[in-house]
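A.B. asks: Handing you a structure now.
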Amino acid sequence: MTMKALVTAGHSSRGLRPVTAGTPTQLVPLANEPLLHHSLREIAAAGVTDVGVVTGPDGGAVHRSLGDGHRFGVRITYLHQPMRRGLAHAVIDARGWLGDDDFLLHPGHTVSHGALPALVEDFRAGRADALVMVDAGGDGPVDLDALSRLGSMEPGPPGAAPRVLDPAEGPGGPGAGTMTGLCVFTPAVHQAVSALRPSWRRTLEFTDALLWLGEHGYEVRGHTARGYCGDASRPEGLLACNRYLLSGRRTLIEGTVDEATHISGPVVVAPGADVTRCRITGPVVIGHNAVVADSVIGPDVSIGPDCVVQDASVHGTVLFDGAWVSGVHGLRDSVLGRDARVVRRPERTDGHQLVLGDRATARLSA
């Protein structure tokens, strides 16, 4: 039977603001390549080639990045969703395109490698009405009582109430549950989402759709992830996904690296990049036309195209296109958005000077 894939790429995760203020989460660079590129290749590896991509206000950026999908081995149909309404609404909005085919639901912020082929194979072997990939808990029937909590809450600070998450943002932080957001469905799910009523948050909760299926006699099963599966909707998750994707790289030097630079481990230097007087410990990728000088870089660093890093030490960090780091040592586990700048103050000071966007987080050593 034909299987399709529905990928959500319409709206930025709240957890990555302000880094994604002008960029859909699904286009953030991981190992210097947009997240969605990794996802589409993984979908193709699972044998699913007919892909619907749900876009929002930044649909043009997504379309320019993905094209018709040919280079990833898939065929893309773009489905516009004008308002952020979550996974259940994405399924409703895509009903005409999905038809009566089975389909893989892929939240665009989820990064997997080697996990989707096993999920699809398991579904085709047993064809449960909903096969939900989880990162723990084992295969078999889903505990519907537990399901009502998974992916909907994460613990708050000590003494505070749990924070309710938007289902479109995935499972949240530690203790928030084990759902990865990746599911395969038969057309029975259309009955479930059409029966939903908005929650107190005025959205249709996707976990309620899974509960509806179980309560109405449909088979809902769990599938333990085989391979890597991560959530890039928050800085910590984005960095973890970046580390994993970097770990598979091999050394490829296409740009300019001078004799004073020492390289160890897998390092990729793209054409047009210029590296001088550095010590680089892979895995590291350096993008097109980047300039890196007099610095200590790595491991686990992605430096995007047109970035400048000079007189700095950078570890475990992702720099989006055009970011600039100068005179700063000990930058680690950070995410710098497009054209962001981190520079040393010209005068000595005992404090810190920060310029942060809305809802930004700064973590400083004491």
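The values are calculated or read from the model by the stated rules, or taken from the named source; none is laboratory data. Nothing here was measured: the structure is a model prediction, and the numbers come from that model. Because the Cβ atoms are built from the backbone with ideal geometry, glycine has one as well, and the counts that use them run over all protein chains shown. These area figures cover heavy atoms from the full protein model, side chains too; ligands, DNA and RNA do not enter into them. Shrake-Rupley method; radii C 1.70, N 1.55, O 1.52, S 1.80 Å.
A.B. asks: Please find, among 268, 275, the residue that is buried (at least 20 other Cβ atoms within 10 Å of the Cβ) and within 22 Å of the chain's Cα centre (by Cα).
C.D. replies: So the residue among 268, 275 that is buried (at least 20 other Cβ atoms within 10 Å of the Cβ) and within 22 Å of the chain's Cα centre (by Cα) is 268.
A.B. asks: If you check every pair at least six apart or on different chains, which have Cβ atoms under 7 Å apart with a residue in region 282-297 that is more than 16 Å from residue 239 (Cα to Cα) and hydroxyl-bearing (Ser, Thr, Tyr) first and a residue that is in a strand (DSSP E or B) and open to solvent by 40 Å² or more (accessible area, probe 1.4 Å) second?
C.D. replies: Listed pairs, sorted by first residue: 295/310.
A.B. asks: Would you mention how many residues in region 30-41 are open to solvent by less than 10 Å² (accessible area, probe 1.4 Å) and under 26 Å from residue 86 (Cβ atoms)?
C.D. replies: 5
A.B. asks: Filter region 99-121 down to residues that are among the acidic types (Asp, Glu) and touching a strand residue (DSSP E or B) at 6+ places or on another chain (Cβ under 9 Å) and give me whichever is surrounded by the most Cβ atoms within 10 Å (Cβ to Cβ).
C.D. replies: 102
A.B. asks: Now for a separate question. Looking only at region 72-86, filter to residues that are touching an Asp or Glu at 6+ places or on another chain (Cβ under 9 Å) and not in a loop (DSSP other than H, G, I, E, B); which one of those is most open to solvent (accessible area, probe 1.4 Å)?
C.D. replies: Filtering region 72-86 for residues that are touching an Asp or Glu at 6+ places or on another chain (Cβ under 9 Å) and not in a loop (DSSP other than H, G, I, E, B), the one most open to solvent (accessible area, probe 1.4 Å) comes out as 75.
A.B. asks: On to the next question. Condition first: over 18 Å from residue 120 (Cβ atoms) and open to solvent by less than 10 Å² (accessible area, probe 1.4 Å). Now tell me which residues in region 56-71 satisfy that.
C.D. replies: Listed by number, the residues that qualify are 56, 62, 66.
A.B. asks: Could you grab me the full set of residues in region 49-87 that are modelled with pLDDT under 85 and among the acidic types (Asp, Glu)?
C.D. replies: Scanning region 49-87 gives a single hit, 58.
Here's the yes/no breakdown for (1) basic (Lys, Arg); (2) in a loop (DSSP other than H, G, I, E, B); (3) buried (at least 24 other Cβ atoms within 10 Å of the Cβ); (4) out of contact with any Lys or Arg (no Cβ under 8 Å at 6 or more places or on another chain):
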site: 285; (1), (2), (3), (4): no, no, yes, no
site: 288; (1), (2), (3), (4): no, yes, no, yes
site: 292; (1), (2), (3), (4): no, no, yes, yes
site: 302; (1), (2), (3), (4): no, no, yes, yes
site: 314; (1), (2), (3), (4): no, no, yes, no
site: 322; (1), (2), (3), (4): no, yes, no, no
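A.B. asks: Only one residue in 261, 256 is more than 22 Å from the chain's Cα centre (by Cα) and open to solvent by 40 Å² or more (accessible area, probe 1.4 Å). Which one?
C.D. replies: 256
A.B. asks: Still on this structure: Which number in (1) modelled with pLDDT under 90; (2) open to solvent by 50 Å² or more (accessible area, probe 1.4 Å) marks the one condition that residue 96 misses?
C.D. replies: Result: residue 96 passes all but (1).
A.B. asks: Of all residues in region 58-71, count the ones that are touching a Leu at 6+ places or on another chain (Cβ under 7 Å) and part of a helix (DSSP H, G or I).
C.D. replies: 4
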